[in-house]
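> The following block contains the structure, expressed as structure tokens.
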Amino acid sequence: MSDSNAERDYLDSYRPGDYPSVALTADLVVFAVTGGVLRAALVRRGTHPFKGRLALPGGFVGPRESAEAAAGRELSEETGLDLGTLPVHLEQLATYSAPGRDPRMRVVSVAHLVLLATDGATLPAVSAGTDAAGADWYPVHEMLAGSIGESLAFDHLQILTEGLQRLAGKMEYTTVAARLLPEEFTLTQLRTVYEAVWNAPLAAGNFTRKMTPQLEDTGRKARASTGGAPAALFTATDRYVHPPLSRPRQE
């Protein structure tokens, strides 16, 4: 018997039901910065389990979907945010597979980190859909420091916390923070993002000296809003920050 025939016979006789059933979901940690505050998009669950509790946007991956495609679909369905039309950076965060993380059945989740670019003043509106009873933007550090974070559904507190850790850590040695800003930005805007994510003030002079070599000066100036001198506009490069920026220690 040829290898191709043996393969076909094996697959014809293979019975998936002989093995434990495992479902796959996609969850999203969606970050944006406005008013100097790091915010995350969360939904309020409209169905059991954890009905009424806040959760990350996400849901089950369809039989003909990739986890990334399901992440985009679920985000759009639950919040109205469309990854295809918004200025976003998306990367896979981690896979969560603890046996008891979902009380319904064995569910493995592929979590994604989404960074949404804003002007620092406004956020795109979110609106609840499908099985979500509500959707809104929540201040991340305030939430994690209080009881709201502890009440998140499933293991979403862990996923949110690790999403923040991933972003905060990468900002030490890359220009990923610029993904939370328009394509052209000022050093003050970039420093504001760092302060929002790291939840600590930074010395302006030291930050400027450290970050300027990692950016490209566009030669253009931002329109001054207070009558002061207009600030230079920069774009990000893919150069590494070396030596890395020092993240302020949290008290």
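> Consider LEU83 against the criteria (1) part of a helix (DSSP H, G or I); (2) in contact (Cβ under 8 Å) with a residue 24 or more places away in the chain; (3) open to solvent by 10 Å² or more (accessible area, probe 1.4 Å): it satisfies all of them except one. Which criterion is unmet?
So the condition that LEU83 fails would be (1).
> Out of all the residues in segment 94-125, which are of a type outside the set (Gly, Ala, Ser), part of a loop (DSSP other than H, G, I, E, B) and open to solvent by 30 Å² or more (accessible area, probe 1.4 Å)?
Restricting attention to segment 94-125, the residues satisfying the condition of being of a type outside the set (Gly, Ala, Ser) are 95-96, 99, 101-108, 110, 112-116, 118-119, 122-124.
Then keep just the ones that are part of a loop (DSSP other than H, G, I, E, B); that gives 99, 101-106, 118-119, 122-124.
Passing the criteria: PRO99, PRO103, ARG104, MET105, ARG106, ASP119, THR122, LEU123, PRO124.
> Related question: Report, by residue number, each residue of segment 60-80 that is open to solvent by 40 Å² or more (accessible area, probe 1.4 Å) and either among the small types (Gly, Ala, Ser) or within 14 Å of the chain's Cα centre (by Cα) (or both). Let's see the steps before the verdict.
The first filter runs over segment 60-80 and keeps only residues open to solvent by 40 Å² or more (accessible area, probe 1.4 Å), leaving 60, 63-66, 68-69, 73, 76-77, 80.
Selection gives SER66, GLU68, ALA69, SER76, GLY80.
> Right, here's the next one. List, please: which pairs have Cβ atoms under 6 Å, are six or more places apart or on different chains, and start with a residue in segment 119-134 that is at negative phi and end with one that is aliphatic (A, V, I, L, M) and at pLDDT 90 or above?
Correct list of pairs: LEU123/ALA32; VAL126/ALA41; VAL126/ALA135; ALA128/ALA135; ALA132/VAL43.
> Here's something else I'd like to know. Within segment 195-217, restricting attention to residues that are out of contact with any strand residue (DSSP E or B) (no Cβ under 6 Å at 6 or more places or on another chain), among the hydrophobic types (A, V, I, L, M, F, W, C) and in a helix (DSSP H, G or I), which residue is most open to solvent (accessible area, probe 1.4 Å)?
ALA204
> Are any residues in segment 126-153 of a type in the set (D, E, K, R), outside any strand (DSSP E or B) and closer than 30 Å to ALA23 by Cα, and if so, which ones? Let's see the steps before the verdict.
Of segment 126-153, the ones of a type in the set (D, E, K, R) are 131, 136, 142, 150.
Add one more test, that the residue is outside any strand (DSSP E or B), and what stays is 131, 142, 150.
Once the filter is applied, which keeps residues that are of a type in the set (D, E, K, R), outside any strand (DSSP E or B) and closer than 30 Å to ALA23 by Cα, segment 126-153 yields ASP131, GLU150.
The values are calculated or read from the model by the stated rules, or taken from the named source; none is laboratory data. The structure displayed is predicted, hence computed values, not measured ones. Every residue, glycine among them, receives a Cβ derived from its backbone with ideal geometry; neighbour counts consider all protein chains shown. Note: accessible area is taken over every heavy atom of the protein model, side chains too, but ligands, DNA and RNA are not part of it. Shrake-Rupley method; radii C 1.70, N 1.55, O 1.52, S 1.80 Å.
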